[in-house]
Amino acid sequence: MTCPSCGSAVSEGARFCEECGTPLGTTAATAVPAAAPAAPPPPPPAGDPLRDAPISAPTRRPAAALPDPPPPPGRRPCAECGGEVGPDLYCTACGTKAPSERDHFEERPASWVAGVCDKAVSKNRNEDAMALLAGPEPGSRAVLVVLDGVSSSVDSDVASLAGARAARDVLRVPLPSGMGTPQSRDAAVAQVFAKAAAAANTAIVAVTDPDSPNPASATFTAAVLEGRRISWANIGDSRTYWIPDEGPAVQLSVDDSVAQAHMAAGVPREVAENGPQAHAITKWLGRDSEDLTPTVGSMEVEGPGWLLACSDGLWNYASDADDLAARVRGAGTSDPLELATALVDFANASGGQDNVTAALARVDHPVLGQNDQTPTPGGEPSDG
């Protein structure tokens, strides 16, 4: 008997070749050489659409992700006469110049969620921005993101819009539930909001001139409604409020500002928000930011009301949560776009000293089941 691998003589009944170590099975006669590896398949012929295809296909968007917002309806009619506005932004009927789409725009991703972003009567350009998402079922899931470009920096109007949309896309999928405990969920949600803020910052830096001595920067506030739970994150002095139909309203976010620092030290709100440098912010997004970590929190909704995210162009004229609630309730509407328009009109009628943004989600009957566990708030609501 011989080894089938090296040809050396082997004893009958041997299990291994003494020369090369090849396994021989129960008898030398049953030993079989290892099979040769299969030859790779030939490449697709030239011209085949699969020839240059990537090795792995792109992953699909999760089924639970919110859909893209509807495209803009097109150029608005003339505000003076209702006529057609031409490509040069002048009305073809009366000659009145219309504002650009960046100076005033609206978003309504669902019947129960809408927002208005306006340059205001006293500003030359709109450096506010917003980006909204919502599920079609009222009270299901909504995302409100508002950024306020800092007017002293270059190209903040471009940067704020890019940042808002980048953060919106991070928040498109449902927030995580963690490992099953309230503390774990809070930590997981905080991490997602941190990623949203980081994505907004990356988008801002990407459109910033690297040689600019005054780089673009912006504030950041984001609110996510999921059934009965509201989660929020904040950098700077844009704000998120919960305004119930009945009972006291709550300012959810906490400003990063000189005024907030004074209020924390015991200075009354009216004094702190009207003092020197009151609106100076201590945290922001942008190339020169030193801290991108947002302040986060969550609460459970007990009844119907409004979730509001806004820039300081609105709350400047009604900073206290109950004062702002009075404006909301006084508008006498349950339509979010009508209410957002009313709040922007109120700010402009009050002086319109700064760009103004109001984004709202209406909560009538929160969808039960997706967040019906009893949560522990990730951050205590604050009056300042």
* Asked: Leaving out same-chain residues fewer than 8 places away, which lysines sit with a Cα under 28 Å from that of Lys119?
  -> Lys97, Lys283
* To do: Enter the Cα centre distance for the pair region 313-357 and region 177-214, rounded to the nearest angstrom.
  => 28
* To do: Give the cross-link partners of Lys195 among the aspartates and glutamates, using a straight C-alpha distance below 14 Å as the criterion and excluding same-chain residues fewer than 8 apart.
  => Asp169, Asp291
* Share of carbon and sulfur in the accessible heavy-atom surface of region 101-363 [1.4 Å probe, %] -> 52
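Report, in debye and to the nearest 20, how large the dipole of region 101-363 comes out about its Cα centre when Lys and Arg carry +1 and Asp and Glu carry -1 on their Cβ.
For region 101-363, the charge dipole is close to 640 debye.
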* Asked: Within region 66-165, which GluC sites (Glu not before Pro) sit in a loop by DSSP and count at most 10 neighbouring Cβ atoms inside 10 Å?
  -> none
* region 101-363: radius of gyration over Cα atoms, expressed as a fraction of 2.2 N^0.38 Å -> 0.93
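The values are calculated or read from the model by the stated rules, or taken from the named source; none is laboratory data. Computed from a predicted model, the values in this text were never measured in an experiment. Glycine also receives a Cβ, built like all others from the backbone with ideal geometry; neighbour counts cover every protein chain displayed. Just the protein is used for accessible areas: all its heavy atoms, side chains included, with ligands, DNA and RNA removed. Shrake-Rupley method; radii C 1.70, N 1.55, O 1.52, S 1.80 Å.
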